[in-house]
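Asks: Below is a structure I'd like to ask you about.
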Amino acid sequence: MLDEEITSCCRQLRLSRNLAEKAQTTDGESHQEYLYHLLGDELTYRNHSRTEKLVNSAGFYNIKTFENFRFDEITLPSDLSIESLESLDFIQERKNIIMYGGTGTGKTMLSTALGVTACRKGIPVRFFRTAALVNKLSEAKKAGHLSTFLKKLNKAEVIILDEYGYVPLDRTGAQLLFEIISDCYERKSIILNTNLEFSRWVNVLYDEQMTAAMLDRLLHHCHLLLFPGTSNRMRESSINDLYRSIAENNRQKDSVQEVKYDDHH
């Protein structure tokens, strides 16, 4: 048996153990056909491993896909179709996506689905809650490792910033976030999720000029997606039944009190 020898050769040639295992089961009518099938399987294995590594290292909190997403509950701009969005044309065009709407309306789900799809097409993605990214940037700067962190971040072709506007930023954090967005301008795509209207962004950054400059860079090449619906989490939660029950009980109590008041008067 040559198993160990083949495995050793694969290791020295930096080929996967998968090739050594497939060598025993691959068929071919000629030596060339056998080798072609074996190498083709190795390429498929490597591509799959690479895309799964991209998904695992992106930082998604959950893995989501377009399946079951309610596109009829959001408003797309006139120049963007569902098909174009799912095909990730905006990444090729170096355009940004801004998703605006209330909490729980599907922004994180859709941005994650876009990110996962990009990873599985071989496109590096990084996903952050905005406050968490700013904390990482601030900590790296204090520790003297900012350039190293930025070098890793720069490998991503898409940066997803979730929950922008939920937490006010200090001046250093705001400046660091601005630098990230400026560096991405016309070079890579940013997907930003927010429940904060543009006129109130200054309340997060506390600097009117920086806010204007950030908006200018984000919106210059951008698709704005609106999420006007109610919270999916609230709608799908059984706590709604509890709220309705409490409200109904209160209405009944109010009705009883009104009847008693009328009887006494």
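The values are calculated or read from the model by the stated rules, or taken from the named source; none is laboratory data. Model, not experiment: these values are computed from the prediction. FYI the Cβ positions are ideal-geometry reconstructions off the backbone, even for glycines, and counts take in every protein chain you see.
Asks: If you check Ala247, Ala213, which single one turns out to be surrounded by 15 or more Cβ atoms within 10 Å (Cβ to Cβ) and modelled with pLDDT under 95?
Replies: Every option except Ala213 fails the conditions.
Asks: If Arg50 passes every condition in (1) farther than 25 Å from His223 by Cβ; (2) of a type in the set (D, E, K, R); (3) assigned by TED's automatic domain parsing to the domain that holds Val125 but one, which one does it miss?
Replies: Just one mismatch for Arg50, condition (3).
Asks: For segment 17-39, name all the residues that are outside any helix (DSSP H, G or I) and surrounded by 16 or more Cβ atoms within 10 Å (Cβ to Cβ).
Replies: Selection gives Ala23, Thr26.
Asks: Residue pairs, Cβ under 9 Å, 6 or more apart or interchain, first in segment 210-221 and more than 14 Å from Glu197 (Cβ to Cβ) and in the same structural domain as Phe90 (by TED's automatic domain parsing), second assigned to a helix (DSSP H, G or I) and aromatic (Phe, Trp, Tyr). List them.
Replies: Cβ pairs passing all conditions: Met210/Phe178; Ala213/Phe178; Met214/Phe178; Arg217/Phe178; His221/Phe90.
Asks: For segment 139-176, what are the residues that are among the small types (Gly, Ala, Ser) and buried (at least 17 other Cβ atoms within 10 Å of the Cβ)?
Replies: Within segment 139-176, Ala140, Ala156, Gly165, Gly173, Ala174 meet the criteria.
Asks: Go through Ala118, Ala113, Ala156 for me and flag whichever is in contact (Cβ under 8 Å) with a residue 12 or more places away in the chain, touching a Lys or Arg at 6+ places or on another chain (Cβ under 6 Å), over 23 Å from Phe198 (Cβ atoms) and assigned to a helix (DSSP H, G or I).
Replies: Exactly one residue qualifies, and that residue is Ala113.
Asks: Of everything in segment 40-79 that's among the aromatic types (Phe, Trp, Tyr) and surrounded by 12 or more Cβ atoms within 10 Å (Cβ to Cβ), which residue is nearest to the chain's Cα centre (by Cα)?
Replies: My answer is Phe60.
Asks: Let me ask another. Filter segment 121-153 down to the residues that are touching a residue at least 40 places away in the same chain (Cβ under 8 Å) and on the phi > 0 side of the Ramachandran plot and list them by number.
Replies: Matches in segment 121-153: Gly122 only.
Asks: Kindly indicate whether Ala132 is in a helix (DSSP H, G or I), within 21 Å of Met99 (Cα to Cα), among the aliphatic types (A, V, I, L, M) and under 12 Å from the mean Cα position of the chain (by Cα).
Replies: So Ala132 does not fit the description; no.
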